[in-house]
1. Per residue, how much accessible area does the chain show when a 1.4 Å probe rolls over the protein heavy atoms, in square angstrom?
2. Express the C-alpha Rg of the range 180-277 as a ratio against the empirical globular expectation 2.2 N^0.38 Å, rounded to two decimals.
3. With the crude spin-label approximation of a point 7 Å out along Cα→Cβ, what separation in nm comes out for T132 versus Q80?
4. Quick one: which of 337-343, 214-220 comes out on top by average Cβ neighbours within 10 Å, and what's the full order, highest first?
5. Here are several values of Rg and Dmax of the Cα atoms in Å: (i) 24.5, 100; (ii) 43.1, 132; (iii) 19.1, 54. Which one was derived from the coordinates shown?
6. Take the residue pairs K62/K167; K44/K125; K63/K178; K125/K166; K215/K331; K229/K288 and return only those whose Cα atoms are more than 21 Å apart.
7. Given a 1.4 Å probe and every protein chain left where it sits, what share in percent of the accessible area of the range 116-236 is carbon and sulfur?
8. What do you reckon, how do V148, V51 stack up by accessible area (1.4 Å probe), largest on top?
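The values are calculated or read from the model by the stated rules, or taken from the named source; none is laboratory data. Keep in mind it's a predicted model, so treat the numbers as computed, not measured. Every residue, glycine as well, gets a Cβ built from its backbone with ideal geometry; the counts of neighbours run over all protein chains shown. Only protein heavy atoms, including side chains, enter the accessible area calculation; ligands, DNA and RNA are left aside. Shrake-Rupley method; radii C 1.70, N 1.55, O 1.52, S 1.80 Å.
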Amino acid sequence: MKNYLLLSIVSFLFLSCQEKQKNSQENHSSQNYIRYATGLSIQKYADFSIVTVSNPWPTADKKFTYILHQKSATIPDSLQKYKAIQVPIQSIVVTSTTHIPALELLGVESKLMGFPNTDYISSEKTRALIETGRVREIGTNQSLNTEVLLDMQPDVIIGFGVDGEKKTYDNLQQNGLKILYNGDWTEQHPLGRSEWIQLFGVLFGLEEKADQVFKTIENDYLEGIALAKKATSKPTILSGAIYQDQWYLPQGKSWAAQFLDNANGNYLWAASEGTGSLSLSFETVLEKAHDADFWIGPGQFTSFEQLEKANPNYKHFKAVQNKNVYSFSSKKGRTGGVIYYELASNRPDLVLKDLIKILHPELMEDYELYFFEKLK
């Protein structure tokens, strides 16, 4: 009788501890460890993480919450309503070239099964997987090949969209596939986009590695800002180009404009509000930027010949006359994808170093440009 009573007490205490642990997980939030990205939140618990994506496209009016859990995890009742994905995953489909570098930085590119428009991928590592048939073509982002994806049965599909049109993704989810939206491209802080590697770290059970990779990039970026502040000059900068009779250039709070500011450059439209693009007449731009020291990011132009053929009036800018025009569009992968579009958001440290080299070459005498190139 005494042993039975003791066993009952021990059992009661054990169950009470379990209940307290469960209630603790349900009622006490773990701290979000994402610091720069505004559209991503990751709260880590013992055997699961709560991932919230709040801005997968600019007009998104809802948040998407996912429970990334280990096989043996007990999910609290309060979280049962959210989509659950077992981790670490063993296979993945991604839908934006910006996702490719994250996989490679974590060393899990071999887990990639499919991609839309594979010709856009520039990385040699992933191109080798495509050419051996290990990464399959799955159509286009606007029209993913449902049959191929259902045949693949990847553990997760990383969705990408520019608006709220997600009919294809909804159809795939109804057929049992796991969709997780990624909104890295909507981030405006250069380190905010790069920090989305933490999401892939949770998916593959490589949180520590993802954190180490990001902290290295972060440190290099912050060191770049500190170096740029040592410059004794602040050159004036023009950006963008004419498209259909309008000159499109970055607004002052945009991702591109922040790079120019961090490189200690005087972007002439830095004071403009907004995070997208300005649309101005040629005359307006010429009046303000006629004497700009540099023209950085002139659309898709890669040579002065192309520039002058497109619009002979470009020659009126001092930056053109002095051959101080730099573009990232000339550096491409073997199938034509622009390397900058794929890698720059993951490696803002390299973008910043390029801009410091262009604007303040005396600070980085031995550095060779990675993304940018002076127009030929």
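1. Values: 18570 Å² over 376 residues.
Computed with neighbouring chains in place, this is 49 Å² per residue.
2. Details: Rg = 16.4 Å, N = 98, 2.2 N^0.38 = 12.6 Å.
Normalised Rg, Cα atoms only: 1.30.
3. A separation of 4.5 nm, rounded to one decimal place.
4. The most tightly packed comes first, giving 337-343, 214-220.
5. It is the one labelled (i).
6. K44/K125; K125/K166; K215/K331; K229/K288
7. Details: 2610 of 5600 Å².
Summing carbon and sulfur atoms, their accessible area is 47 percent of the total for the range 116-236.
8. V148, V51
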